Each structure stands twice: as C-alpha cells, then as structure tokens.
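Student: There's a structure below that I have some questions on.
The values are calculated or read from the model by the stated rules, or taken from the named source; none is laboratory data. These figures come from a predicted structure and were not determined experimentally. Neighbour counts run over all protein chains shown; Cβ positions are idealised from the backbone, glycine included. Ligands, DNA and RNA are excluded from the accessible area calculation, which covers all protein heavy atoms including side chains. Shrake-Rupley method; radii C 1.70, N 1.55, O 1.52, S 1.80 Å.
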Amino acid sequence: VYFSQPFATRLHTNPAFTGLVDDYSITLSYRNQLPTLAGSFVSTQAAADVRLSTPGQHHAIGLLINQDRTGAVGYTRLEIGALYAYHTRLTERLALSGGLRASYGRQRVGYDNFVFGDQLAEDGSVAGPSAETLSFSPVNYLSLGTGAVLYTEQGWLSLAGQHLNQPNLGFQRQSQLPLLFSISGGYKLFVIKPGPGVATREVSYTPVAAYTRQGGSQRIETGLYLTASPVTLGAVYRNISIPGSVVAQHVLAVVAGVQAGGLRVGYSY
C-alpha cells in the first residue's frame with residue numbers, strides 16, 4: 001500500500017521515524033483507491049509513537065495498525081505492528097535513528113456476496129446454500145522490518161527494508177511476500193523561519209524524492225510542498241513500473257493540509 005501523504009504515515013514508511021517529534025503523536029489515515037469502481041481498495045490506518053523520558057531520550061516505541069479491504073469477495077488484511085527506534089546525535093546538528101518493526105498479519109476471504117451456479121433456480125432466483133467447497137482458510141504471518149534515518153533540523157535521508165523474512169501469504173500454495181526496499185529524502189528551505197518572538201509564522205518550500213522497489217515492481221516519486229502556516233500545499237509525481245505492463249503508470253497526487261496548534265488535517269487526491 002502506498003500512501004500519498006508519507007509524512008502523515010511515516011511509521012508505515014520506516015520504523016526509524018518512531019519518536020522523531022521528541023514527544024508523542026497519534027495519526028489516523030484513510031485511503032480509498034478508485035472509489036468509483038466496484039470493489040475499490042480501502043485502507044484504514046492508526047499509528048502512535050512516543051519518545052521515552054529516559055536519560056538522553058534515546059528510546060522511542062510505537063504501534064501501527066493497518067486494515068485493507070477490497071473486492072466483492074470481502075478480502076481483508078489486518079496488520080498490527082510494534083515499533084522501536086533508537087535516536088542519537090552524531091554532531092550538534094546531525095542525528096541518526098535506527099528502527100525495528102515486527103508485525104503480525106492475518107488475511108482472509110469472505111464469501112457472503114458470492115452466488116454459485118447450484119444456487120440458481122430456473123427463474124433466476126437464489127435458493128439454498130451452495131455445495132461448493134470453500135476451503136480458503138485465513139492466513140496468519142509475521143513480517144519483520146528495519147530502517148535508518150539520518151536527519152537535521154531541515155533535511156533527512158531515509159533507508160528502509162520491509163518483509164525481511166519474506167512471509168508466506170498464500171491461501172493454498174506457497175506465495176512469498178517480496179522484500180520491500182525504499183529510500184527517500186528531502187530538505188526544507190525557509191523563506192520565513194518560525195522562532196520565538198515575532199517570527200512565529202512559517203513560510204517554506206520542501207522538495208522531496210523517493211525510490212521504492214518490491215519484487216519486480218519499482219516506483220520513483222518526486223514532489224514539492226509549499227507551507228505558509230497554517231496551510232500546506234503539495235504536488236507529487238509518481239512513475240510506477242510493474243512487471244508485464246507495457247508502459248509505466250504515471251500518477252499525479254495533490255495534497256492540501258491545515259494546522260491548528262498540535263492538530264494537522266490533510267487531504268490528497
């Protein structure tokens with residue numbers, strides 16, 4: 001699942017982002033892909049992280065819950081992940097974070113909306129249960145991930161690997177989930193930098209770039225965010241190459257957000 005607001009779903013991108021805000025955060029995300037089509041792919045995510053009040057505030061923990069649902073057959077996947085990150089300063093301005101993620105997943109297929117041929121009467125009405133054997137038992141799996149983030153007050157470089165153990169997701173035959181590798185980065189350039197006193201307003205622009213590869217699929221992403229507090233506007237271009245596809249998918253996502261104190265609300269299309 002790719003979210004078009006990676007800063008709001010940073011724990012999904014890299015476990016090393018856990019505790020990056022030096023305090024705590026709670027995030028709720030909702031994603032609906034191609035909502036005008038039947039059986040659209042819907043993802044709902046809840047995330048929370050906190051920097052522990054230990055000497056040096058090096059340790060942070062987090063929780064990530066993600067549910068995906070798609071199709072008339074009621075395919076659902078639920079993942080619950082525990083995250084840990086360790087933060088340390090390399091210099092006065094440069095810091096490094098390393099993170100780990102362990103997720104338990106369960107996917108299943110429901111047949112509540114299925115109608116089989118032996119249930120159809122001559123007049124087209126549906127009668128009685130089906131004699132079909134529905135033997136697709138739910139699949140449980142464990143996924144492990146790790147990552148690192150090198151960051152300053154204005155810039156960052158993220159490197160992450162998910163599904164390191166390549167768990168089996170097959171219902172009736174072996175089907176390994178390929179390793180997901182991602183690298184991303186960005187830099188915030190201030191026109192007006194917020195600070196104490198009069199300059200509490202921020203005006204900035206942030207160019208970003210990312211590369212993701214999983215199996216034979218790869219994605220290149222570039223974008224630019226403009227912030228004039230309390231409003232942020234952004235545009236992100238994606239080039240997605242999938243095995244067997246004649247041409248790459250070209251996607252443009254626009255992002256708009258507003259901040260009120262510690263609350264941020266964003267929408268993307």
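Student: Leaving out ligands, DNA and RNA, what percent of the accessible area of the chain is carbon and sulfur, probe 1.4 Å? Mind showing how you got there, number by number?
Tutor: Numbers: 9690 of 15850 Å².
Within the chain, the accessible surface is 61 percent carbon and sulfur.
Student: Moving to a separate point now. Let me spell out the model: positive unit charges on the Cβ of Lys and Arg, negative unit charges on the Cβ of Asp and Glu, origin at the Cα centre of the range 1-77. What dipole size does that give, in debye rounded to 20? Write down the numbers at each step before the final one.
Tutor: Details: 5 positive and 4 negative charges, 47 e Å.
My answer is approximately 220 debye.
Student: What translational diffusion coefficient, in µm²/s and rounded to a whole number, does the Stokes-Einstein relation yield for the range 1-109 at 37 °C and a viscosity of 0.692 mPa s, taking the hydrodynamic radius as the Kirkwood radius over Cα pairs? Provide the component values of the computation, followed by the final result.
Tutor: Details: Rh = 15.1 Å.
Answer from the Stokes-Einstein relation: 218 µm²/s.
Student: Between Val21 and Tyr205, what length comes free when the chain is fully extended (0.36 nm per residue of separation minus the Cα-Cα distance, one decimal in nm)?
Tutor: Computed gain between Val21 and Tyr205 is 64.3 nm.
Student: Order of 5-14, 255-264 by packing, highest average Cβ count within 10 Å first? Don't skip to the end; give the middle numbers.
Tutor: On the way: 5-14: 22.7, 255-264: 12.6.
In decreasing order of mean packing, 5-14, 255-264 become 5-14, 255-264.
Student: Based on Cβ point charges of +1 for Lys and Arg and -1 for Asp and Glu, what charge dipole magnitude is obtained for the chain about its Cα centre, in debye rounded to the nearest 20?
Tutor: Roughly 820 debye for the chain.
Student: Follow-up. Express in whole angstrom the spacing between the alpha-carbon centres of the range 1-80 and the range 83-124.
Tutor: One Cα centre to the other: 9 Å.
Student: Moving to a separate point now. To the nearest 20 debye, what is the magnitude of the charge dipole of the range 53-179 about its Cα centre, counting +1 on the Cβ of each Lys and Arg and -1 on the Cβ of each Asp and Glu? Each step should come with its number before you reach the end.
Tutor: Values: 8 positive and 9 negative charges, 147 e Å.
In total the dipole reaches around 700 debye.
Student: So what is the relative contact order for the chain, in percent, with contacts set as C-alpha pairs under 8 Å and at least six apart? All intermediate terms of the calculation are to be shown ahead of the outcome.
Tutor: On the way: 655 pairs, mean separation 28.7, N = 269.
So the answer I get is 11 percent.
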